[in-house]
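To keep things clear, I will list the structure first and then write my remarks on it.
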Amino acid sequence: MLKEYRDKIVSWIKETWQTLNKWQRIAAIGGAAALLIALSSLLFLKTQQEYGVLFANLSEKDAAAILNQLKEENIPYRLSNEGTTISIPKKLIYEKRLLFASEGLPQSGIIGYEIFDKNNIGLTEFVQKLNYKRALEGELARTIQSFEEIIKARVHIMVPEPTLFIEDEKPATASVVLNLVPGRRLRPEQVEGIANLVAASVEGLEPENVTVIDSHGKIISDRSRRNPILELTASQLELQQRVEQYFEEKLATLLTGVVGPNNYVVRVTAELDFNQVERTKEIYDPESSTVRSQESDIQTGTDPNNPTRTENVITNYEISKTVERVVGGVGTIKRLSVAVMINGVYRTVVTPEGEEVTEYIPRSEEEIQKIASLVRNAIGFDETRNDQIEVTNLPFDLTVIEEQEKYLQKIDQKELIGKLLFWGSILLALITLFMLLRSIFMRLRPELPELVEEEEPELEIMEIPEATRARIQKREMLVEIAKDKPDEVAKLIKSWMIFHDESEEELWNLKI
């Protein structure tokens, strides 16, 4: 049964192949080849495993331990970056990371507090201290390596032995060696954070005694930042720049709406008072007084015949006073100096020769004064601080701006042309592919005979001859007779066909 069915299919394919012309056979072969390639590609992509990074930047010891375990479990892997990066199939990454983490891998060659997991019975006090130092250095290195800019880190701690005399004691020191990711660098606050991290983990260690260097031996820890005086100076400069930037941005928003963008330049210089002054004031009010004390002196006469008694009262008054203690703020604005340069107006003028020339028109004095008044109100002008504002109208050199605009326009045009060419080529390829497939399918489609529709004759309006009209009337009468007496009419027709030679012609004449 199967053989017969197979033979029928083979014979049908052969017959179909014989009926195809040359182009149809080429199209059939090309389509079959394209279908085979597509199926092969899908099968390859389906069976091909996608790899992902299991661990990167491994030490040789960790990489060897991980590879041995992968080989024992027959897990495929790939090595890159000189063996420091191991990749495995993506579906196994998270599972294997958890398994390796439970086994303490990767260790990156760093020994931490796991050194105390072993049996340390019998070790001397010196070895115990040395192990603690190694463990602390390892844990600090692991913490520092968690920074995304750092590949590897090593920490060295030096804690001197305690002495009997304070003057002989030496401070603890530490050094940190960092191997940074190529092209990355640490910000100053990150370096300072690393120094504080190490100092806070070691007893008696100060941040200024921690030295941080990179893998090239360059010191990246700035000791000058730890000087309080210099730090204060840097903070003061930063605060001054922020104040100046604040006023410049405030004036920029104002001037943009008045003269338009690229038509002004504003610069602000702020003098800040960083002196912290404490003042004490005593204010006396002479109009108000308070009794402070009273003294009474009573005197009596010595004559017994004429006794006398005298009383003197002495009153001491205290003038009321107010004591004020004023502490001046740090970083208050001492003086502001603002310089504003404004561009004029440009218009195109046609010369008598017919040439177009750009003419510069300076702004009026009234407009300059209005702009200066706006600037004063915007910055909070204070004459007591001796603030200064200067608004000047000068023509700007716009050649650089025009060149930049032309350059940006050229770039935009190039990008637009590139996009048009890209999408145009894709559209052209799609149209070409559509036309090719259409031609192939048109050739593969079997040719069907064209159906020719019979054209209905057009009815022409003409005059009917008298003889024809009489003939039509006779035919209508015969039709009516045939409807009423069909049997008799049939017999009549048969007799005509038998006995008359012209019966066929007469029959057609009677046909409805």
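The values are calculated or read from the model by the stated rules, or taken from the named source; none is laboratory data. Just so it is clear, the model here is predicted, and its values are computed rather than measured. Cβ atoms come from the backbone with ideal geometry, glycine included; neighbour counts cover every protein chain shown. Keep in mind that these areas ignore ligands, DNA and RNA; they rest on the heavy atoms of the full protein, side chains included. Shrake-Rupley method; radii C 1.70, N 1.55, O 1.52, S 1.80 Å.
Scanning segment 249-276 for residues that are of a type in the set (D, E, K, R), in contact with a helix residue (DSSP H, G or I) (Cβ under 8 Å, 6 or more places away or on another chain) and either at positive phi or in a helix (DSSP H, G or I) (or both) yields a count of 1.
In the set (1) in a loop (DSSP other than H, G, I, E, B); (2) surrounded by 11 or more Cβ atoms within 10 Å (Cβ to Cβ), residue 162 fails one condition alone, (2).
Tell me, please, whether a residue that is part of a strand (DSSP E or B) and modelled with pLDDT of 85 or more can be found in segment 132-153. Yes, the conditions are met somewhere in segment 132-153.
Could you check segment 37-60 and list, in sequence order, the residues that are at pLDDT below 70 and assigned to a helix (DSSP H, G or I)? 38, 39, 40, 41, 42, 43, 44, 45, 46, 47 - these are the residues of segment 37-60 that are at pLDDT below 70 and assigned to a helix (DSSP H, G or I). Residues in segment 216-237 that are at pLDDT 65 or above and open to solvent by 90 Å² or more (accessible area, probe 1.4 Å) were compared, and the one that is farthest from residue 176 (Cα to Cα) is 237.
Just one of the listed residues (78, 6) is open to solvent by 100 Å² or more (accessible area, probe 1.4 Å) and at pLDDT 80 or above, and it is 78. With respect to the conditions (1) among the polar types (S, T, N, Q); (2) free of Cβ contacts under 8 Å to residues at least 12 places away in the same chain; (3) within 17 Å of residue 214 (Cα to Cα), residue 163 lacks only one, and its number is (3). Against the condition open to solvent by 80 Å² or more (accessible area, probe 1.4 Å) and modelled with pLDDT of 85 or more, how does residue 200 come out, does it pass? Yes, satisfied. Contact map, segment 366-382: residues that are part of a helix (DSSP H, G or I) paired with residues that are of a type in the set (Asp, Glu), Cβ distance under 8 Å, separation 6+ or inter-chain. Pairs shown: 379/387. With respect to (1) open to solvent by less than 90 Å² (accessible area, probe 1.4 Å); (2) under 39 Å from the mean Cα position of the chain (by Cα), the lone exception for residue 408 is condition (1). Is it fair to say residue 210 is surrounded by 13 or more Cβ atoms within 10 Å (Cβ to Cβ), touching an Asp or Glu at 6+ places or on another chain (Cβ under 8 Å), under 28 Å from residue 235 (Cα atoms) and among the β-branched types (Val, Ile, Thr)? Spelling it out, it is not the case that residue 210 is surrounded by 13 or more Cβ atoms within 10 Å (Cβ to Cβ), touching an Asp or Glu at 6+ places or on another chain (Cβ under 8 Å), under 28 Å from residue 235 (Cα atoms) and among the β-branched types (Val, Ile, Thr).
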